[in-house]
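The values are calculated or read from the model by the stated rules, or taken from the named source; none is laboratory data. Owing to the predicted nature of the structure, the values given are computational and were not obtained by experimental measurement. Here the Cβ positions follow ideal geometry from the backbone for every residue, glycine too, while neighbour counts run over all protein chains shown. Keep in mind that these areas ignore ligands, DNA and RNA; they rest on the heavy atoms of the full protein, side chains included. Shrake-Rupley method; radii C 1.70, N 1.55, O 1.52, S 1.80 Å.
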Amino acid sequence: MKAVRFVGVGNKAEIQDVPKPKPGSGQIVVKIGAGGVCHSDLHVMEEELGFKPPFTLGHENAGWVAEAGSGITGLKEGDAVAVYGPWGCGHCHACQLSTENYCENWASQPGFGGGLGYDGGMAEYMLVPHERLLVSLGTLNPAEAAPLSDAALTPYHAIKRALPQINPDDAVVVLGVGGLGHMAVQLLRVLAPVRIIAGDVDQTKLDQAKKLGADEGVNTKDINDAAEQILKITGPRGAGLVLDCVGVQPTLDLGAKLLGRNSVWTIVGLGGGHHDFHHGSTPYGVLMGIPYWGSRVELMEVIAIAQAGRIHSETSQFPLEEAVGVYEKLKAGKIQGRAVLIPSGHSAYKNQQRVPEVAHQ
Ligand SMILES: [Zn+2]
Ligand SMILES: [Zn+2]
């Protein structure tokens, strides 16, 4: 089968032929409906993060159960599922709470999850080591739903953590309204009656964010100018929450200017920016956090919200074979919403009716 492979730091991804996986006892093979294309993959390919090549990329996946190993009782062939991305040890305190994203034994595991050390979902089929890592999609279409497992789950977890600290009359600033950010805006609409300010360097992304529920869109090309505009809206209180979905130096520098006393500053983007956090550099009471991904139960919540039609991912769909070019587009900031890769012929499961045709762009 065709798969998009990580072949080593400093190299582009490669499309290779690899054997179709077979499920062992307690394992499941998922026929991939779509695999999301995430900025983190660029970090995997460009930075020394300790991942051992080669493996198949793709940590944001959904599809249908194709083959279940012995002992699987909760799922059957053809069931539409999302793959929960951060694979923990499955038995520590954090994993028992379903927060495998904070597994205590992460350092002794061979990888962080499918596409991050283990074979991921940018392929026709993907091996999932345990049924607890699959969440039912019900009637949702895997091609549309794949981004829920990362692009939605990551900001959902970040926003939920901040909820006890923010008030209905706060302004929340979302920096970067691409893959994660366009979901964050919708999730804020569901979770909190706050004023939402979207910040991005790209006007089309700002326009999309406003369509999805942002009250204001501010161009952040010039951070001093952007800070002035945003603070005019928030007043001296500053932003109740700054949710940085990019994490590069300019967005951290801008975020720092938007904080008031008691603000929450959450960095989910892996852009590598720094902030010198000490008395005098940051207003009193500020909570700064770097949450990672989300829990299995939170993924169930995200999927339930999507099933109710209250959030959706805006996807740009591409054939799996175009992966290398899609990463280039992502790097150049040319992807609207979330890009997903679709293996040829996988827009449906057997006789089930599935809508999307792969759009060539
Ligand atoms: Zn990701
Ligand atoms: Zn664990």
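Going by what's in this entry, would residue 77 be described as surrounded by fewer than 22 Cβ atoms within 10 Å (Cβ to Cβ), outside any loop (DSSP other than H, G, I, E, B) and among the acidic types (Asp, Glu)? I'd like the intermediate steps shown before the answer.
Numbers: surrounded by fewer than 22 Cβ atoms within 10 Å (Cβ to Cβ): yes; outside any loop (DSSP other than H, G, I, E, B): no; among the acidic types (Asp, Glu): yes.
No: the conditions fail for residue 77.
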I'd like the residue in segment 56-74 that is part of a strand (DSSP E or B) and within 16 Å of ligand 1 (Cβ to nearest atom) and, out of all such residues, is nearest to the chain's Cα centre (by Cα). 61
Of all residues in segment 89-100, how many are out of contact with any strand residue (DSSP E or B) (no Cβ under 9 Å at 6 or more places or on another chain), near ligand 2 (Cβ under 8 Å from one of its atoms) and closer than 25 Å to residue 56 by Cα? 3
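Residues are listed down the side, and each one gets a yes or a no for (1) in contact with a strand residue (DSSP E or B) (Cβ under 6 Å, 6 or more places away or on another chain); (2) at positive phi; (3) within 16 Å of ligand 1 (Cβ to nearest atom):
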{"site": "109", "(1), (2), (3)": "no, no, no"}
{"site": "118", "(1), (2), (3)": "no, no, yes"}
{"site": "129", "(1), (2), (3)": "no, no, no"}
{"site": "139", "(1), (2), (3)": "no, no, no"}
{"site": "147", "(1), (2), (3)": "yes, no, yes"}
{"site": "151", "(1), (2), (3)": "yes, no, yes"}
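Would you mention how many residues in segment 314-326 are among the hydroxyl-bearing types (Ser, Thr, Tyr) and open to solvent by less than 10 Å² (accessible area, probe 1.4 Å)? Explain how you work it out, then say what you get.
Within segment 314-326, the first condition is being among the hydroxyl-bearing types (Ser, Thr, Tyr), and the residues that meet it are 315-316.
Filter once more, keeping what is open to solvent by less than 10 Å² (accessible area, probe 1.4 Å): none.
Adding up the residues that qualify gives 0.
When only residues in segment 331-361 that are at pLDDT below 50 and open to solvent by less than 100 Å² (accessible area, probe 1.4 Å) count, which is nearest to residue 66 (Cα to Cα)? Quick ask: steps written out before the conclusion?
Within segment 331-361, the first condition is being at pLDDT below 50, and the residues that meet it are 351, 353-361.
Going one step further and asking which of them are open to solvent by less than 100 Å² (accessible area, probe 1.4 Å), we end up with 354, 356, 358-359.
Numbers: 354: 16, 356: 20, 358: 21, 359: 25 Å.
The qualifying residue nearest to residue 66 (Cα to Cα) is 354.
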Taking the condition away from ligand 2 (no atom under 16 Å from the Cβ), in contact with a Lys or Arg (Cβ under 7 Å, 6 or more places away or on another chain) and open to solvent by less than 30 Å² (accessible area, probe 1.4 Å), does residue 8 pass? no
Within segment 101-119, restricting attention to residues that are of a type in the set (Ser, Thr, Tyr) and more than 17 Å from the chain's Cα centre (by Cα), which residue is nearest to ligand 2 (Cβ to nearest atom)? 108
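Out of 241, 252, which single residue is open to solvent by less than 10 Å² (accessible area, probe 1.4 Å) and in a helix (DSSP H, G or I)? First the steps, then the outcome.
Values: 241 fails: in a helix (DSSP H, G or I).
Sole residue among the options that is open to solvent by less than 10 Å² (accessible area, probe 1.4 Å) and in a helix (DSSP H, G or I): 252.
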Scanning segment 273-307 for residues that are under 28 Å from residue 88 (Cα atoms), open to solvent by less than 80 Å² (accessible area, probe 1.4 Å) and over 18 Å from the mean Cα position of the chain (by Cα) gives 273, 288
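Could you list, in sequence order, the residues of segment 1-17 that are assigned to a loop (DSSP other than H, G, I, E, B) and either touching a Pro at 6+ places or on another chain (Cβ under 9 Å) or among the acidic types (Asp, Glu) (or both)? Quick ask: steps written out before the conclusion?
So in segment 1-17, the residues assigned to a loop (DSSP other than H, G, I, E, B) come out as 1, 7-13.
Across segment 1-17, the qualifying residues are 1, 7, 8, 9, 11.
Looking at 313, 347, which is the one that is in a loop (DSSP other than H, G, I, E, B), in contact (Cβ under 8 Å) with a residue 60 or more places away in the chain and in contact with a Leu (Cβ under 8 Å, 6 or more places away or on another chain)?
Values: 347 fails: in contact with a Leu (Cβ under 8 Å, 6 or more places away or on another chain).
Just one listed residue meets the conditions, 313.
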Pairs, please: C-beta under 6 Å, at least 6 apart or cross-chain, first residue touching a residue at least 60 places away in the same chain (Cβ under 8 Å) and open to solvent by 40 Å² or more (accessible area, probe 1.4 Å) and in segment 90-114, second of a type in the set (A, V, I, L, M) and within 6 Å of ligand 2 (Cβ to nearest atom)? 102/94
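Given 260, 235, 271, which one is over 22 Å from residue 334 (Cβ atoms) and outside any strand (DSSP E or B)?
Values: 260 fails: outside any strand (DSSP E or B); 271 fails: over 22 Å from residue 334 (Cβ atoms).
The match here is 235.
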With respect to residue 36, determine if the residue is within 20 Å of the chain's Cα centre (by Cα) and within 16 Å of ligand 1 (Cβ to nearest atom). yes
For residues that are touching a helix residue (DSSP H, G or I) at 6+ places or on another chain (Cβ under 7 Å) and part of a loop (DSSP other than H, G, I, E, B), scanning just segment 147-161, find the one that is farthest from residue 137 (Cα to Cα). 151
Answer with yes or no whether residue 35 is outside any loop (DSSP other than H, G, I, E, B) and either of a type in the set (A, V, I, L, M) or open to solvent by less than 30 Å² (accessible area, probe 1.4 Å) (or both). yes
State whether the residues of segment 147-162 include one that is at pLDDT below 95 and open to solvent by 10 Å² or more (accessible area, probe 1.4 Å). no
Please name all residue pairs, on different chains or six or more residues apart, with Cβ atoms under 8 Å, provided the first residue is in segment 40-55 and is more than 21 Å from residue 19 (Cβ to Cβ) and part of a helix (DSSP H, G or I) and the second residue is among the charged types (D, E, K, R) and open to solvent by 40 Å² or more (accessible area, probe 1.4 Å). 42/331; 45/12
